[in-house]
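Enquirer: The structure under discussion is supplied below as structure tokens; questions concerning it will follow.
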Amino acid sequence: MDNIKLILQYDGGAYVGWQRQPRRCGMSVQQRVEDALSELYGETIAVNGAGRTDSGVHAYAQVANYLSARPLPVQRIAPALNRLLPADIRAVSAELMAEDFHPRFSAHRKTYRYLLERGRRVSAFGTGYSWQVAQELDVAAMRRAAELLRGEHDFRHFTLTKASVSNYVRNISAISIYEPPAEQGFFPWQQLCRPLAVEVTANGFLYKMMRIISARLTAVGSGELSEQQFAGFLTGEYWRNIPPAPPQGLMLMNVEYFSAKNAG
């Protein structure tokens, strides 16, 4: 069986998320990719993903894999797949991997980026890819609060569901808040408004964890939360219902692996 690793990009605006759902619930990215692969191979193909992005969340580099007994030239898979996929999902590359590679269980860490626009610095073209916040933000205060999350912590108060989770400990190895340089922007509208980015790299993320972090840091920046109150969320000494940031500002940027060996 060939174990093929895919790098996928997608605009999540039209989808119920990555995870396959009953068709009556709406179309998922996973289902679209599986349908295209099944047509390409002439057999039923099941796909695994590195992360279950929510409805409306985007991916710059989602990692997926699938198994097939029918060998295809690996260099031709991505171009052939793109002819069968809708324009808002693209296969960037395909690679033949060792049989034990799994995009989720083999992952070392992931990076998510959340984009938001502040005050008058908004663009009509960014509404599908950022959260437009009405007021200016104290970025220095946001950065100080963000540093409290660095390292290994119990993030049980940074998720919305607890029924299926037994371990809430995650390690945030990098967290930064910055204005992406225009030349490094992923969308032309970033050159019009220069949004603020919240970027987090961790060994794993709980359900809606990144959107909750982004919402609470934004609340610190607006003065709605003090830095002390933000710290209280982490220790469980403070609680206030601040909804997760909207999904359209979030993008899965990168998935890293300790030893993602190819079959060569």
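Enquirer: As a check on your grasp of the helix formula, calculate [θ] at 222 nm for the chain: sum -39500 (n - 2.57) over DSSP H runs of n ≥ 4, divide by the residue count, round to the nearest 500.
Expert: -6500 deg cm²/dmol
Enquirer: Let me ask something else. Packing-wise, with mean Cβ within 10 Å as the measure, how do 171-180, 247-256, 69-78, 203-212 rank, highest first?
Expert: In descending order of packing, they fall as 247-256, 203-212, 171-180, 69-78.
Enquirer: Would you mind working out the accessible area per residue for region 1-45, using a 1.4 Å probe, and quoting it in Å²?
Expert: Here the per-residue accessible area is 46 Å².
Enquirer: Please report the carbon-and-sulfur percent of the accessible area for the chain; probe 1.4 Å, protein heavy atoms only, DNA, RNA and ligands left out.
Expert: For the chain, the apolar C and S fraction of the accessible surface comes to 48 percent.
Enquirer: Note the angle between two axes, namely the Cα long axis of helix 29-41 and the longest principal axis of the Cα atoms of the chain, as a number of degrees from 0 to 90, rounded to the nearest 10.
Expert: Rounded to the nearest ten degrees, it is 10.
Enquirer: While we're looking at this one, here's another question. Given Cα pairs under 8 Å that are at least 6 residues apart, what percent is the relative contact order of region 48-126?
Expert: Answer for region 48-126 is 33 percent.
Enquirer: Using +1 on the beta carbon of Lys and Arg, -1 on that of Asp and Glu, and nothing else charged, what's the dipole of region 1-84 about the Cα centre, debye to 20?
Expert: Using Cβ point charges on Lys, Arg, Asp and Glu, region 1-84 gives about 40 debye.
Enquirer: Follow-up. Given the options Leu96, Asn82, Gly232, identify the residue whose Cα lies farthest towards the positive end of the charge dipole of the chain (+1 on Cβ of Lys, Arg; -1 on Cβ of Asp, Glu).
Expert: Gly232
Enquirer: Return one number: the angle in degrees, 0 to 90 and rounded to the nearest 10, between the long axis of the Cα atoms of helix 209-222 and the longest principal axis of the Cα atoms of the chain.
Expert: On a 0 to 90 degree scale, this one is about 30.
Enquirer: Turning to a different aspect of this structure: Please compute the contact order of the chain in relative form: average sequence separation of alpha-carbon pairs under 8 Å and at least six residues apart, divided by the residue count, as a percent.
Expert: About 25 percent, as a whole number.
Enquirer: With a cut-off of 8 Å between alpha carbons and a minimum separation of six or more residues, what is the relative contact order of region 90-181 in percent?
Expert: Reported as a whole number, the value is 20 percent.
Enquirer: Further, regarding this structure: In whole angstrom, note down how far apart the Cα centers of region 11-53 and region 214-234 are.
Expert: Distance between centres, Cα-based: 36 Å.
Enquirer: In a shell of Cβ-Cβ distance under 9 Å around Ala197, excluding Ala197 itself, what net charge do Lys and Arg (+1) and Asp and Glu (-1) give?
Expert: -1
The values are calculated or read from the model by the stated rules, or taken from the named source; none is laboratory data. These numbers were taken from a predicted model, which means no experiment stands behind them. All Cβ positions, glycine included, derive from the backbone under ideal geometry; neighbour counts span all protein chains shown. Surface accessibility is based on the protein's heavy atoms, side chains included, excluding ligands, DNA and RNA. Shrake-Rupley method; radii C 1.70, N 1.55, O 1.52, S 1.80 Å.
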